[in-house]
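Report on the structure given below.
The values are calculated or read from the model by the stated rules, or taken from the named source; none is laboratory data. None of the values given here were measured: they were computed from a predicted structure. Here the Cβ is made from the backbone with ideal geometry for all residues, glycine too, and neighbour counts use every protein chain on show.
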Amino acid sequence: MTSSTHDPISLKVSFHDLTIHNSPIIDFCSSTDETGSSKISDGVCFVDKEIDVKNDSLANGSESELSSSLSSVNGGDANEASSRSLCPSKPHMANDRRWDAIQCVQSKDGELGLGHFRLLKKLGFGDIGSVYLAELRSAGCLFAMKVMDKGMLVSRKKVARAQTERDILGLLDHPFLPTLYSHFETDKFSCLLMEFCSGGDLHLLRQRQPGKHFDEQAARFYTSEVLLALEYLHMMGVVYRDLKPENVLVRDDGHIMLSDFDLSLRCYVNPTLLTSGDGASCMISSYCIQPSCIDPACKLPVCVEPSCFQPSCFKPRLFTSKAAKPRGERTRTRTPAVSSDSLPVLVAEPTGARSMSFVGTHEYLAPEIVRGDGHGSAVDWWTFGIFLYELLHGKTPFKGNGNRETLFNVVGQPLKFPDGSAISFAAKDLIRGLLAKDPQKRLGSKRGATEIKQHPFFESVNWALIRGTTPPLVPKPLDLASLNQTLLSSNKSATDSERSSGPYLDFEFF
C-alpha cells in the first residue's frame, strides 16, 4: 500500500469500526505497520485510452468524506455466502504451506470467506481498499488481505481498476512480486488474499537509516531486485506506473516485493531475441556517460570526476575480457565484451503501449504524463530513476513547495544533484540516463531492462544468483506477544454493550 509522504493529494477519510465477534484468544505469527494514502488516479487505463483525470476536485483543494464499514462476521460461520476464486499454485511458491492450508479449507467447507480469518491488524490503505494482516483460523497462516467495498467501487467508478489489479496479480509468478493465493467475495466486499511482508516498506526503512538515505551498496541491492520485477512485468505486458519506496515491501528475509497494481496498464508485448545483426549491439551509442554530461553547466573541479570510464556497449558480461590495454588507451576506447557479438539479447519491452491517462504520484510523474503527450512503458524507467535518486539522497529531485511547482520542475527544470553529493559517478550517470525528459532518449526506452542491467552501476551484480545475495538489512523478529497483549487489552476496554456479542477486534476500513 502507499504512504502519504509522496502523495500531494489530501484525501480526508472517516472510518467506521469493523467488529469480529466470537474471536477466541489470538495465536498469530507476525505483523507489521504501514501507512497509506491516496494518489492521482484515473481508473484503469488500457491502450489508447482517452485522457481521464480523476480526483480533480481533490487536487484543487476540496476534500471528500468517504466512508464504509465491514459488517460483523460470525467467526463460527465459515460457510458464509461468498464466491471463491482459488488461484493455482505458483511454481516458485509451490512449497509454500499456505497453498495447502487454503486448499484444506476449500475441501472441507467448499468456500473461502471472511469467517475463516481473524483480522489482526490494519497494515495500510489505498485508493480502492484497505489491507489487513489476516490469520487463517484453522492453520495459523498469515496473509495480507486487501478488502474493497463493492458499493464504493461502483459509486467511485473504480470497478475496472480493481478488476485489473486482480487480473494482474493472477498472472504473476516471480520472487519479487506478490503471490495471489485466492480471491473471494461477499455481498458487500471483494477480498484479495496475498503474501504478507513483515519488514514494512522501503520508505519506512529509509527513514531509519543514518541521514535518512541508503548507502550505495544497499541502494544497488534494492534497485537491482526492483529492476528484475519491472523487467518481468513488462515481459508480461504490464506497465507498473506507480513505483516509489512506499510500494516496495520488505519480506522477512530482507528481499523485496512490489505491491499495489491498481494503476498499472495492461498492454500487448512481443518478446524478441535480437542478434548483433538486428542492431542489438551498441543500440544506445548516443547515450553519454562523460562527466560533462552529468552537469554541463558546472565547470568547477568538484564537478569533474578524477577518472572517466566507457561502457562496454552495455553487452552481457558473460566472459572475461581480454588483457587490459594500457591505462592511457583505455580511457577513450570502447572495449566490447569478448564473444558477446553472437549472443542473442532478449527484448521484452512493450514499446507499443500508449495511454493518455494522468496517473501516478506528483513527485514521480514523468514529463510526458504532465505534458499530456501520452505515455508508454518508458514511464517506468523514469520512476525507476526517481526511485534510485530518493534511495541515495533521501528526497526526490524535482519536489517543489507545492504540487504545481513540482510538476513545473518535472517538465522545465534540469536534473541537479545536492551540493556535496557523495554518490559515485556511475550512480549519477545512471540517474541522468533514466531521467532524460525525452522518453525516446531515456535509458531503457528501446530495450528495456536489458540496457539498464548492463550499466556500470550494476557491474558487480550477479543477476543469475541475485536471490542468493545477502540483503543489507533483515527485519527483526516480530514481537508477537506485545501485539497480542495490545489486542487483548483493547478488548477489555470495551463497554458492556459492545461485548454483548462476544470478544471482538476493532479495525478501520477505507
Among (1) surrounded by 21 or more Cβ atoms within 10 Å (Cβ to Cβ); (2) of a type in the set (D, E, K, R); (3) in contact with a Pro (Cβ under 9 Å, 6 or more places away or on another chain) - the single one ARG442 does not satisfy: (3)
Return the total of residues in the stretch 390-436 being under 22 Å from the mean Cα position of the chain (by Cα) and within 22 Å of PHE457 (Cα to Cα). 16
Index of the failed condition, ARG371 passing every other in (1) modelled with pLDDT under 95; (2) of a type outside the set (Phe, Trp, Tyr); (3) surrounded by 24 or more Cβ atoms within 10 Å (Cβ to Cβ): (3)
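Listed here are the residues, each with its yes/no results for (1) polar (S, T, N, Q); (2) in contact with a strand residue (DSSP E or B) (Cβ under 9 Å, 6 or more places away or on another chain); (3) at negative phi.
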| site | (1), (2), (3) |
| --- | --- |
| SER357 | yes, yes, yes |
| ASP373 | no, no, yes |
| VAL379 | no, yes, yes |
| HIS393 | no, no, yes |
| ASN401 | yes, no, yes |
| THR406 | yes, no, yes |
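Having 3 or more residues that are over 30 Å from MET236 (Cα atoms) and without any contact (Cβ under 8 Å) to a residue 40 or more places away in the chain is the bar; report the helices (runs of 4 or more DSSP H) wholly within the stretch 368-461 that clear it. Working first, answer last.
On the way: elements: 378-393, 403-412, 425-434, 449-453.
Filter on the stretch 368-461 gives 403-412.
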Out of curiosity, is ALA160 modelled with pLDDT under 90, over 19 Å from the mean Cα position of the chain (by Cα) and either surrounded by fewer than 16 Cβ atoms within 10 Å (Cβ to Cβ) or hydroxyl-bearing (Ser, Thr, Tyr) (or both)? no
LEU169 - would you say it is aliphatic (A, V, I, L, M), in contact (Cβ under 8 Å) with a residue 24 or more places away in the chain, under 29 Å from LYS244 (Cβ atoms) and outside any strand (DSSP E or B)? yes
Conditions (1) assigned to a helix (DSSP H, G or I); (2) closer than 21 Å to SER190 by Cβ: number failed by SER107: (2)
Among the residues of the stretch 132-182, how many are over 24 Å from LEU227 (Cβ atoms) and not small (Gly, Ala, Ser)? 25
Just name the residue that is modelled with the lowest pLDDT out of those in the stretch 209-249 that are of a type in the set (Lys, Arg) and not in a helix (DSSP H, G or I). ARG241
Residue satisfying condition, being within 26 Å of TRP382 (Cα to Cα), out of contact with any helix residue (DSSP H, G or I) (no Cβ under 7 Å at 6 or more places or on another chain), assigned by TED's automatic domain parsing to the domain that holds VAL461 and in contact (Cβ under 8 Å) with a residue 40 or more places away in the chain, within set TYR222, TYR240, TYR232: TYR232
Enumeration of residues in the stretch 181-198 that are under 23 Å from GLY151 (Cα atoms) and in a strand (DSSP E or B): SER182, HIS183, PHE184, GLU185, PHE189, SER190, CYS191, LEU192, LEU193, MET194
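So is LEU204 at pLDDT below 95 and among the aliphatic types (A, V, I, L, M) or not?
yes
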From the option list GLU390, GLU405, single residue qualifying as farther than 30 Å from TYR268 by Cβ, assigned by TED's automatic domain parsing to the domain that holds GLN207, crowded, with 20+ Cβ neighbours inside 10 Å and among the charged types (D, E, K, R) is GLU390
State all residues of the stretch 194-220 that are closer than 17 Å to PHE457 by Cβ and surrounded by 21 or more Cβ atoms within 10 Å (Cβ to Cβ); if no residue qualifies, say none. PHE214, ALA219, ARG220
Residues of the stretch 263-284 being at pLDDT below 90 and part of a loop (DSSP other than H, G, I, E, B), in sequence order, are CYS267, TYR268, VAL269, ASN270, PRO271, THR275, GLY279, ALA280, SER281, CYS282, MET283, ILE284
Answer yes or no: is there a residue in the stretch 410-421 that is modelled with pLDDT under 95, among the hydroxyl-bearing types (Ser, Thr, Tyr), surrounded by fewer than 19 Cβ atoms within 10 Å (Cβ to Cβ) and in the same structural domain as PRO367 (by TED's automatic domain parsing). yes
